[in-house]
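The structure under discussion appears below in the form of structure tokens.
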Amino acid sequence: MLLQSAFTQRIIFALLAQTWPIIYSSYFTYKLLKRARNRATYTLTCFFILFALTDILANLSILLLNTPLAYFFYILAMYFFFFDHCFFIIFSWVLVKLEEKIPNWKFSLTIIIYGFISTYVFWIGFYFNGIKYDATTGWIPNYSWFFVILSWTFLVAFLIIPQSYFSFKLLKTFEGLILKRRIKMFIISTFFQLGVVFAFFLYHFLVGNQIYRTAYMVTALIISTLAGFLIYKSFVKEL
């Protein structure tokens, strides 16, 4: 009887979909730290760790439905979801400045700034009802138009534009056929993943469009897994 409930089946599917990224992110983190330990590897490791943490928190929000903690864990997961992808830009920056070595204060300040920017999820999501996630929405996260547009604006301004700039710099900085191929694999993976992030916000706005939501769930899992694998092939396996 339990599995005949559409609500229960949706919960189980969401849990499974959000568990797979935890598994491969943990594996890539292990392989990365085993390969080498320096600023570049620690920066890239942060992406995989926070990516796994995002899904762990999202799963906790599902397991704690019908409690005040469900919303807390979900909005915290969304904070780390946005902040996590900032490490693509920071990692690219580290690679561009590999020979000069970025000063520690500037490196740390950049992380703090991105961490602060990502807090918009709390202010807009909670205080301006940008994210609704409770019994009134059927425990389906529902984003407002304002939250979606603001998220896209931040995504373009602080992630896509900087990543485009550093991608160009990376292709100009590194030479050699093999190295350039690895750089291109990394660049492709970043824009694959940023595309998933862009579509993610629309996924939670179009809560009534089951065709888009189903297509997103399937393609997002495939693309995110592929992006993680490309990063592994470009910098983890052959650092």
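Observations on the structure shown:
- Residue that is surrounded by the most Cβ atoms within 10 Å (Cβ to Cβ) [pool: residues in segment 174-199 that are over 30 Å from M217 (Cβ atoms) and out of contact with any Asp or Glu (no Cβ under 9 Å at 6 or more places or on another chain)]: I183
- Segment 60-108 - residue that is among the β-branched types (V, I, T) and more than 23 Å from the chain's Cα centre (by Cα) and, of those, surrounded by the fewest Cβ atoms within 10 Å (Cβ to Cβ): T67
- Any chance I112 is surrounded by fewer than 20 Cβ atoms within 10 Å (Cβ to Cβ), touching a strand residue (DSSP E or B) at 6+ places or on another chain (Cβ under 9 Å), of a type in the set (A, V, I, L, M) and at pLDDT 95 or above: no
- Residues in segment 30-58 that are modelled with pLDDT under 90 and farther than 13 Å from F91 by Cβ: Y30, K31, L33, K34, R35, A36, R37.
- For F122, the test of being more than 14 Å from F72 (Cα to Cα) and either within 18 Å of the chain's Cα centre (by Cα) or in a helix (DSSP H, G or I) (or both) is failed.
- Restricting the first member to segment 45-74 and to residues that are farther than 18 Å from L16 by Cβ and touching a residue at least 40 places away in the same chain (Cβ under 8 Å), and the second to residues that are among the aliphatic types (A, V, I, L, M) and surrounded by fewer than 19 Cβ atoms within 10 Å (Cβ to Cβ), the beta-carbon pairs closer than 7 Å and six or more apart or on different chains are A70/L64.
Listed here are the residues, each with its yes/no results for (1) of a type in the set (S, T, Y); (2) modelled with pLDDT of 85 or more; (3) under 18 Å from A17 (Cβ atoms).
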{"position": "F168", "(1), (2), (3)": "no, yes, no"}
{"position": "T173", "(1), (2), (3)": "yes, no, no"}
{"position": "I178", "(1), (2), (3)": "no, no, no"}
{"position": "V207", "(1), (2), (3)": "no, yes, yes"}
{"position": "Q210", "(1), (2), (3)": "no, yes, yes"}
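- Within segment 210-234, being under 18 Å from D55 (Cβ atoms) and in contact with a Leu (Cβ under 6 Å, 6 or more places away or on another chain) holds for no residue.
- Subset of segment 19-44 [free of Cβ contacts under 8 Å to residues at least 60 places away in the same chain, surrounded by fewer than 17 Cβ atoms within 10 Å (Cβ to Cβ) and either touching a Ser or Thr at 6+ places or on another chain (Cβ under 6 Å) or within 14 Å of Y232 (Cβ to Cβ) (or both)]: I23, S26, Y27, Y30, L33, K34
The values are calculated or read from the model by the stated rules, or taken from the named source; none is laboratory data. Quantities reported herein were computed from a predicted structural model and do not represent experimental measurements. In this analysis, Cβ positions are derived from the backbone assuming ideal geometry, glycine residues included, and neighbour counts consider all displayed protein chains.
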